[in-house]
Structure formats: C-alpha cells, structure tokens
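Here's the structure we're looking at; comments come further down.
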Amino acid sequence: MTEPKKLKKPRGKARLIDNSCIACGERCMSSCPTDAITMNDAGEPIIDYEKCIGCIKCVKVCPAQALEMFFSPEEQAILDEIARHQGGADDAAAEAEIDPDARQLQEMLAGYRGVWVFIEQTGGEAAKVSWELLFTGRALAQSLGVELSAVVIGHQVEGLCSEAFGYGAEQAYLLDAPVYRHYRTEAYARALCHLIGKHKPEVILMGATGVGRDLAGAVATVVRTGLTADCTGLSIDDHRNLMQTRPAFGGNIMATIMCDKYRPQMATVRPHVMQMPEFVAGRSGRMSRESFAPPEAEILVKVLEVIEDGAGHGKVDIAGANIIVSGGRGMMGKENFAMLQDLADALGGVVGASRSAVDAGWMPGERQVGQTGKTVRPTVYIACGISGAIQHMVGMQDSDVIIAINRDPEAPIFQIAHYGIVGDLFQVIPSMTARISELRQAARRHSA
Amino acid sequence: MSAQQLFFIPLFIVALASFAFSCYQRFAPLALCQDDDRFSNPAARLKKTLRYALGQQRVVKRAFGFNHLLLFWSFLVLLLANGEFLLAGIFPVLRLSALPGVLYHPLTLVFDLVSLLTLACVAVAAARRLFFPPDYLSSSYASARSGEALIILGFIAALMLAFFFLRAAEVALGLEPAAAWMPISNALATGLKGISVTALETLAAVAWWVHALVLLVFINLLPRSKHMHILTAIPNCYFSSLEKPNTQPRETFTHGQVFGVGSVERFSWKDILDAYTCTECGRCQDVCPARFTGKPLNPRQVVHDIKVNFLENVSLLKNGEQPRLPLIGEAGEGCNSEDALWACTTCGACLQACPVLIEHLPKIVKMRRHLVETEARFPGELLNLFENMEQRSNPWGIAPSERTKWCSQLGNRDFVTGTTEYLFFVGCSGAFDNRNKHVSVAVATLLDQAGISWGILGKDELCCGDSVRRLGNEFVFDLLAQKNAALFKERGVKKIITQCPHCFSILLNDYRQYGLDLEVIHHSQLLAELVAAGRLQVTAAKAQGQVIFHDSCYLGRHNDVYQAPRQVVAAATGTPPAEFTRHGENSFCCGAGGGRMWMEEHLGTRINLDRVREALGQGAQTVCVACPYCLTMFEDGFKDEKADSVKVRDIAEVLAEAMAPGR
C-alpha cells in the first residue's frame, strides 16, 4: 500500500449482459450514485456511459449477475501494463489505485478493529442475552481475526469480567464507578462513547432488551454510525463488513443490512436468538480497567428507588423460559395442571396458561401467555387444551417449535402449530411424559 | 306603604341580590374553561330544547317520570302566579285581579287546580323517596332519602298549602270576587267559616308570609343545590351536542400543548354546565354496565365529582393557582379514581338515559387522554396494544401482509380506483381473527351473490383506531386516522362497507373531523337493503331454534341502527329474532367496547357473563350479533358458563347459510 504508483487504474463502465436481466425492480437504478441508469419498458437497465463512473455498485447489487464491467481497448492496455508491473493481479494494486475519498474511507475503516459485546447487568447480575452474544461475537471475531472483548459498565461489577472470560471473551473493558450503579442512558452512553473513541472497535453487539435498545440508539446517534435492531443472524463478508440479517416487512422477507461506510457497526439481538456458550470455569483474559466516569452532577436523571417487577422471588418467569407447557380451558380443572408440571419437569421447562385458565383460577396471573399476559418466544411451546384464540396466539406464535394437543381438529391452534396432536390430552400428555422420562433415563445410563 | 311592604321590599331585594350573587359565583367561572362552539344552528337547538326540556321526552321514558312532567308543567303555570305574588308584594296594585274577569276567572281556576295537582305530585314523590325508593336514587354520596330532596319537596308543599290558606282566608273574608272560580280554596274557606275576622286576617297574614319567605329561600337554594337543574336544564338541552355524542373532539399535536383533562378547568364550559345540570336522578347509574357488575365507575358520580371539584377549586383557579383537590386520584367526592375511568366500555347507555342530555362519555375519554398522553399511566395490558397499533396498525401486532389471508380463496379483491364501487373495510378482527374471518368470508360471499362491486385495501388498510381513541391515546388515533383518510382520498373511496360497528361508527362520525364525508354503511344495513330489494333471495330460510339478537352499542345506541340486523335475521330464519329483556336502546354492553376488549376485567364480575346469563335465561339457542367484539365476548362467555351448545353467529353467517342450501 505504501509503494508509489505511476499508473492510474482505469475503472471501466458497467454494461448489461444480454438476456440475463430478470427485471427485479430497478435495483441497479436505485443503487447508481450518478443516475446513469434508466429503465426501459421491459424493466431492463439502459446505462448512460457518459455518466457511468465505474463504481461497480450496480454490478454488486444485481441479484442475477446480469451486469458486468467492461474496459475500452486503451483502458485494457493500461490494465495489462499494471498487471505486468505487479506481476499478477493482487488486491493491493487495486486498492492503491482508488481515489482519495475511497482511500480515506479505507483508512478510517482500518482504524477500527475488534468485536465488543456490551454486558448488560442489573445489580451485578448479567442478562443472559449478553452471554449469548459472546457466543456469536466469538464467531465474528474469529472470521475477522481480532479479539473478542466484553464491555462491563456498572458499580462493583468486576466479577462479571471473569464471568465474561468464562463465556469466551478474551478481553474485558471495565468501567466501575458509583455513577454507573443504576442504568441511566446518559451515563452509560457517555461511557460507551468514550470507550469507542479510545479503542475503536469495528463491531458492537447488545441485547435487544429495554436497556440495550435504549443505549444502542443513543450511542449510535452520538458516534454517527448505523444500528440494526433485532438481528437474527450475524456474519462477516469478505470486506470485513458485518452482515446483519433481520426480518423485514412484517417478517415476510429477511433483509441483510450492512454498514460499510461507518464504524463501529452496531447491532442488537433479542434474547434466546443466539446459542448460549459453554461456560469454562477458570478461563482468563486481559482486563483493562478504565477510569472514565462522568461527574454525578452532570447526569440529570436520578434513580430514587428501584421498584421490583411484581414477579419477585419464587415466581416463574415464563417470558425467559426455553420450554413452556401451557394449559387452557381444555385442562378442565386446577388439579390437572399437575400433569403439565410433570411434563414440564421431564423437559426442564415451565408451565404457562391461557387466559381462560388464569381466569378460572387454575394458574396465577404471571403465567398467562397472550395479548394481555406475557409474550413468549421459547424453543418449544406445547399448547394443551388451548383452542388458539387470536389473543393467545399473538403471545406465543414466535416460538421456534409449537406443539398443539387438542381434541378438536378444527381448533385454530393447529394452523400455527408445527406439530399437532388431535386427541384426549389426558392420555396424550402422561404418555409423552413417560416416554421422555424413559429417554432421559436411557441417556443417563448411556453416559454413565 | 303598608307594614307588609315595609318588611317585604328590603327582604326581597336582599334575597334577589343573594340569588344573583350565587349565580354569578357559579356561572362566571365558566369563562375559565375551554371553549366549545355550541351556538351553531339555533333552529335545531330550539327544537331539541322543546323536545327534551319542555316536552321532557327522556324524563317520561320511565313511568315515574310522568310525575316530574306534571310537576314541571305545574311549575311553569305557577310561575305566573308566583310572579304576581312577588310583584304584588312590592306594588300592591299590580294584581291579576285587575284583569277583566274573562281572563282572570279561568286563570284563577287553573291556579287552584294546578296547585292541588302539584301538592299531589309532591306527596307521591315524597312517598317514593321515603317508602319505596328505587336503588338507583342513592349513590355513594347521596341517599334517596337525602335531606336536600325532602326539604325541597317540603318547600313546594308549603308553598301550595300557604297559597290555599291565603286564598281561603281571603275568600272567607269576602275579599275575593272570583271565589266561585276557586273550587279548592273555596271549599277550604267553607271550613274556616266559624273563625273570627281577626283570626282570619291573622291566618291570611301568616299564610302570606310563609309563602313569601319560602319562595325567597327556595330561590336562593336553587343555585346551591342539585335543584340548580331548574335553572340550567333548559339551557343545557339547548347547548347539547346536535349530533349523538358518539365521538370525542380532536386534539392538535403542537409544541407546548397540554393533552386531555387532568385538571378541572381543562374541561369545556359545556362540561361544567353538564355537571351543574345533573339532578342526581340516577338513571345513568342504573343502566351502566360497569356499575352493574360492581366496578368503581358510576357515571352519575363522575359528573358529580366534576361539579364538586370545580366548585372546590374555582377560587384558586381564578387566581391562576394550582387546584387543591385533584380531579383524578384517590376516589372520593370531587375526585375520580383511575379504576373508575378505565372501567368505562363507552357503551353510551348513560348518554341514552340522561333526561337532560348530559354528555358523560367525552368527559371520561378526556380524562383518559390525560392519563395516557400526559402521565403515561394506564393498565399494563394496554402497553402491548398501544405498541402494536403504533408499529403495525393492528391490535395484535400481526404483519400487515396477512390482512388479505382471509380472502386468499377469493382471488384478487383489490379496490380499484374508479372501478370498484364499495370499499370493504374489513377491520382488524375481520382480517386477523380466525373466528371473525368466517364472518368476512360470509359478507364477501353475500356481496358477490348480490353482484355488488367491492374491493379491499389489503395490506394498506390500517386499524380504524376506535380502541385507541376511546382509550385516550389520541396521538396514535390521529396517526391512524390521518393515514387512513389520506389513503381513502388517494384511492378515491366514496362508499365503505364495514362488518364491525366500531369501524362503522368511527369512519362515519369521527373521520369527519379529518375532512372525510363518506357514505359508510354497516353490513347489516346493506344486507337488509339487498334482501328487501330482492337482490339476495333467501332459498333455504331455516329455523335455528330460539334465535335472539343482541344489539351492539356502536350500531344501536350510538348510531340508531336497530331494524336492519333484525330484518336480516328474520329473512334468514323466517321469523323475527327473539329479544333480550334489555334490547334496542336499552341493550346491555358485551363488555368489550371502549378498548375494554384489550384489558383484563379484574374488578367486579364479568360484563359478558351477565349478558350471557341473560341469554341463557331466555332460552336462547343461537345468539345473533353484528359485531366482532360481541361475537368474541359471547363465545367466551358461553364457554365459561359451560354452555357450548349455544351458538353465536354473525347475522351475515346466518344469512349466507340460508342462501346456500347445498352446504
């Protein structure tokens, strides 16, 4: 990159390869920075070569590879010349040829290295999603060939750093000060912005929780970069860009979003979307303790009192459960929920309920799934004796696997269930429980 | 000047001044309140005043109201007699007896008879309050046997008795030339025959003074009691909403704006006039479904609380200070609890019941607006709803692209500008709720059979915004309404069919605030028309057992559509549907209106269960409804009552079945 170049590499022009346009809907036209492309009636591009600057955007965006770059004979001669000088077409040559703007961008991008995961904590206890992100972050860091760092902000939270190492972080930035005792947007945003300014990471991941959504937006605005919320997939392309995939248009398509001109690249991911990494006790990493802390007087928001959510201790949080066995009106009575508890125990899950079961007093209100209860997204949701009123379905339809057990084959729940069992749940559920326990025991014997 | 004049004139002046001062104290502060244009179209207002104030149309809806009608008209007649009485007390020459006999004699007769009638009415009213008071006369604040009510009745009785004794004494003294025209006073005079002249003169003087003093005290009591309605009921009817109060005023969202009513002066002057006018008759309380099922809401108390709060805070407000008594807070006289405000289903039963046309509903929504928009304080369940409405424009947060799923079997049904006649505004329930999709399909099938040109907006349709508006989230409603209105204009929509009374009412009434004047028709109306015109010919009318029809609040009470759905059911089943005891304008809410559909019902008993039990009590085998919310509430209710055999059907489903014998 440092060696001087005499010849300017020609950029060529874009052209359409005959009979390959699929009329995808003007993607090339909308990608063109110089408005060199117009569309004909068949939805194919007409390229104005006077205007084309050879930026290759249209070629890249074309879903059918119907556009290519071509060079005039003079340009081709220069290209050949360069190739001779370089002794092969390597990327470094091309890179060196690019214009000053692009060079500046390259340099800016190169200034950012490393993958960060923001470790969200409340009262010193980390949100599970932060560990899940370390799993994803590790894969990203490996493809980028950089370190995976945890960012821990709080008061007396040093312990979280070693926990983060256990979950796979290689480095941890720790900001530990009384001002960070409770989450406050301003304090945390300033802290994170400070770290970004100082250490320049290329990727920052946060949980799409109340705190994460709040903080990510505030930070992205201040550092002037892009942010993709609620990603379901993250990977790295061959230009070190983070490919952020998320559902768009009401879940009908998956969009892959990239932030190729700004750094850091920021994304949030909902809980339970990514896998939980294995905890390796005793694994250690490098900890850098940072001293930055905004003066308390400058933070306008004061936390007067923290009021615990109704849940409290000893109550089951169905919103965070991985496996939920839910019962509805078809359970016929409170006593029959013991059967569901058995199944849930065998699976390592919890028992939920539909509104009618809660109304009938069979289950407490905090177990209610649905519009006026909790929205859940477990890996497995087993709906027992739940007909599937819309009010219930909107609370569980995003579960990975839905298994419905109902006597009525016409029950709407079967429309969204991945597996449906039409039958008497009083026979089906005990036999399921028995079979699962059997398998478990067999597995235990096997491993023993 | 006689001694009587000497005492009476200063007394009269003091009483009048005190009355004027009380009125000033009550009415001048109305200027502190928000503006409300209630002066348009005087002719229509006058007509309303004649019907409801002078004609007492609402008052006589209940049998006992007839007693009030008699009292009211007696009062008007005796106003003349009492006017004469006061005037003559000051200028003794100004007496009706100075009129020629042909005028004076009949007047005398009328006064005599009407006074007796009044006395009888007062006796009936007092007996009702004392011996057989209906429940609804009492509230948490007032008892049916309240001293105030009895004092007023006592005053009226005293006035009548004093009147008779005065006249009888005058007749006995031979001072009354028209004695023959006073049957009652004359009879009383006969009884007084044995008494000496001095005693008669004393009796006359005492009767005169009793009459005079009671009258002056009575006048002064009016502005300071619930009998203020004697002064305000007529203007309140005049200034009442010319249209049914089924909408709420639009809010503007600009910087520095205050939203909703969190403090009493944020109400409009008409809201306060309403509160002054409330007579505590308790009829709204008697019909309120929330109150009926043990919720803390009582529309009568809401109105009363506003009045008490206004009077309590008025002196502070005049000085620009903060009110002392909060308008929304811990329940108590003058303060509305949040639970009470959230309990309202906006069913409009109170609006329908009020004899003096008080508009309870807009007041409750205005206070909800304050809670939602200024305080962000509302039942937790609504968070989900508000988010979904804002982000996905439907209550469940389902992808808009799924709005067309219900008609995927029917081919492309997009509304085409200039070609399609009717927009079928399917509504969120009709598009997303599995049960209600059947209704949408039934409506669509019937429209096709009748050859109606219809189309849908598909994924572009947004929620009409009924629930969020009634819940006080005017901001989100405004977003939805603006987008829908722009969409209707852009697509050239002129006529809309809805299958939901909530969509129907809000598109028809509320959207006018957004410059839309559309022909909106509920499917019941269109289907009834098509059946009547022979465009839908029932081929297989079949009896479905005992079919009963349930009036939806937003179809019936709020928009006066009562007959159309019944005609559809009658055509489909061959017989007119049976009626609930509470039907038509007295129908009982299913419990889902006003955004209650999206809330838990933690307080009191279930409204839908009350209605379901009523249906079961009447032996219903099929309940016909014309509203997706009612459909859901009834089905849930029957399941809860373990009465799964009772079917709940939309009128369109019943009709569609009768059209297709093959199925």
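Values quoted throughout were computed directly from the atomic coordinates according to the rules given, and no laboratory measurement underlies them. Note that the structure is a prediction, hence the values are computed from the model and not measured. Cβ sites come from the backbone with ideal geometry, for glycine too, and all protein chains shown count toward neighbours.
A compact table of results
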quantity: Computed over region B:211-280: relative contact order in percent, which uses C-alpha pairs under 8 Å that are six or more apart; calculated: 51
quantity: Neighbourhood net charge (10 Å Cβ-Cβ; Lys/Arg +1, Asp/Glu -1) for A:V129; calculated: 0
quantity: R0 of 25 Å, Cβ-Cβ distance B:V206-B:L76: FRET efficiency to nearest 0.05; calculated: 0.35
quantity: B:F91-A:I307 pseudo-label distance in nm [points 7 Å out on the Cα-to-Cβ vector]; calculated: 6.8
quantity: Theoretical ellipticity at 222 nm over chain A - DSSP helices of four or more residues, -39500 (n - 2.57) apiece, nearest 500; calculated: -9500 deg cm²/dmol
quantity: Sparse-neighbourhood loop sites, chymotrypsin sites (Phe, Trp or Tyr not before Pro) in region B:1-35 - DSSP loop, at most 12 other Cβ within 10 angstrom; calculated: none
quantity: Of every Cα-Cα pair in region B:68-215, the percent that sits beyond 23 Å; calculated: 41
quantity: Region A:205-346: antiparallel DSSP beta bridges as a percent of all, rounded to 5; calculated: 60
quantity: Rg in Å to one decimal, and Dmax rounded to a whole Å, for region A:397-448 via C-alpha atoms; calculated: 14.3, 45
quantity: Unit Cα scatterers, Debye sum, region B:226-362: log10 I(q)/I(0) for q = 0.14, 0.21 Å⁻¹; calculated: -0.65, -1.43
quantity: Computed [θ] at 222 nm, deg cm²/dmol, chain B (DSSP H ≥ 4; -39,500 (n - 2.57); rounded to nearest 500); calculated: -16000 deg cm²/dmol
quantity: Among A:F426, A:F165, A:F292: highest mean-square fluctuation, GNM of chain A, C-alpha pairs under 10 Å; calculated: A:F426
quantity: Qualifying GluC sites (Glu not before Pro) for region B:159-245 [loop in DSSP, other Cβ within 10 Å: at most 15]; calculated: B:E243
quantity: Per residue convex hull volume, Cα atoms of region B:393-552, in Å³; calculated: 131
quantity: Charged-residue dipole, Cβ positions (Lys, Arg, Asp, Glu), region A:229-269 about Cα centre, Debye nearest 20; calculated: 120
quantity: Axial C-alpha extent at least 18 Å, average Kyte-Doolittle at least 0.0 - helices from chain A (DSSP); calculated: A:128-144, A:210-223
quantity: Where only alpha carbons of chain A are counted, the Rg and the Dmax (Å); calculated: 27.8, 87
quantity: Net charge of neighbours whose Cβ lies under 13 Å from the Cβ of A:L227, counting Lys and Arg as +1 and Asp and Glu as -1; calculated: +2
quantity: Dipole magnitude (debye, nearest 20) for region A:136-291, charges at Cβ of Lys, Arg, Asp, Glu; calculated: 320
quantity: FRET efficiency estimate (nearest 0.05) - Cβ-Cβ, A:K60 to A:Q275, R0 45 angstrom; calculated: 0.90
quantity: Fluctuation leader among A:P409, A:P63, A:P247 - chain A, Gaussian network, Cα springs under 10 angstrom; calculated: A:P63
quantity: Under 13 Å, Cβ to Cβ, from A:R283 - net charge with Lys/Arg +1 and Asp/Glu -1; calculated: -1
quantity: Whether region B:466-614 is rounded, prolate or oblate, judged on the alpha carbon gyration tensor where a/c under 1.5 counts as rounded; calculated: oblate
quantity: Within region B:523-623, trypsin sites (Lys or Arg not before Pro) in DSSP loop having at most 16 other beta-carbon neighbours inside 10 Å; calculated: B:R535, B:K542
quantity: Sorted by Cβ density within 10 Å, fewest first, the residues A:Y112, B:Y52; calculated: A:Y112, B:Y52
quantity: Tensor-based shape of region B:323-404 (alpha-carbon gyration tensor, a/c under 1.5 rounded, otherwise prolate or oblate); calculated: oblate
quantity: Histogram of C-alpha separations across region B:431-478, 10 Å bin width, %; calculated: 22, 36, 30, 12, 0
quantity: Two-site FRET efficiency, B:Q57 against A:D317, from Cβ-Cβ distance with R₀ of 51 Å, rounded to 0.05; calculated: 0.30
quantity: Exposure proxy ranking, count of Cβ atoms within 10 Å, fewest first, for B:T575, A:T228, A:T209; calculated: B:T575, A:T209, A:T228
quantity: Region B:183-244 - Kirkwood radius from inverse mean 1/r over Cα pairs (Å); calculated: 15.3
quantity: Percentage relative contact order, chain B, counting C-alpha pairs under 8 Å, at least six apart; calculated: 12
quantity: Shape box of region A:144-280 [Cα atoms, principal axes, largest first, Å]; calculated: 44, 35, 28
quantity: Share, in percent, of DSSP beta bridges within chain B that are antiparallel, nearest 5; calculated: 5
quantity: Principal semi-axes in Å for the protein assembly as shown [√(5λ), Cα gyration tensor, largest first]; calculated: 73, 35, 32
quantity: Residue range of chain A that is longest and free of trypsin sites (Lys or Arg not before Pro) which are both DSSP loop and sparsely packed (at most 10 other C-beta within 10 Å); calculated: A:7-223
quantity: Relative contact order of chain A, defined on C-alpha pairs under 8 angstrom at six or more residues apart (%); calculated: 10
quantity: Cα-based reach from A:K200 at 16 Å (exclusive), listing lysines while leaving out same-chain residues under 8 positions away; calculated: A:K261
quantity: Pair-distance profile P(r), taking every C-alpha pair of region A:205-300, with 10 angstrom steps and integer %; calculated: 13, 33, 35, 15, 3
quantity: For region A:346-448, diffusion coefficient by Stokes-Einstein and Kirkwood Rh (Cα), 37 °C, 0.692 mPa s, µm²/s; calculated: 227
quantity: Of B:K437/B:K642; B:K295/B:K483; B:K226/B:K366; B:K405/B:K495; A:K13/A:K198; B:K405/B:K647, pairs whose Cα-Cα distance is over 32 Å; calculated: B:K295/B:K483; A:K13/A:K198
quantity: Of A:K334/A:K374; A:K128/A:K334; B:K48/B:K244, pairs whose Cα-Cα distance is over 22 Å; calculated: A:K128/A:K334
quantity: For chain B, the fraction of alpha-carbon pairs in successive 10 Å shells from zero, as %; calculated: 3, 14, 22, 21, 16, 11, 8, 5, 2, 0, 0
quantity: Reachable aspartates and glutamates from B:K459, criterion Cα separation under 14 angstrom, eight or more residues apart if same chain; calculated: B:E402, B:D414
quantity: At q = 0.12, 0.22, 0.24 Å⁻¹, base-10 log of I(q)/I(0) for region A:121-172 (Debye sum, equal scatterers on each alpha carbon); calculated: -0.24, -0.74, -0.86
quantity: Cα coordinate range in region A:26-68, projected on the principal axes (Å, largest first); calculated: 23, 20, 16
quantity: Alpha carbon centroid spacing (whole Å) that separates region B:470-518 from region A:360-412; calculated: 33
quantity: With Cα atoms, 0 to 90° folded angle of helix B:563-573 axis to chain B main axis; calculated: 50
quantity: Antiparallel DSSP beta bridges within the protein assembly as shown, as percent of all bridges there, nearest 5; calculated: 20
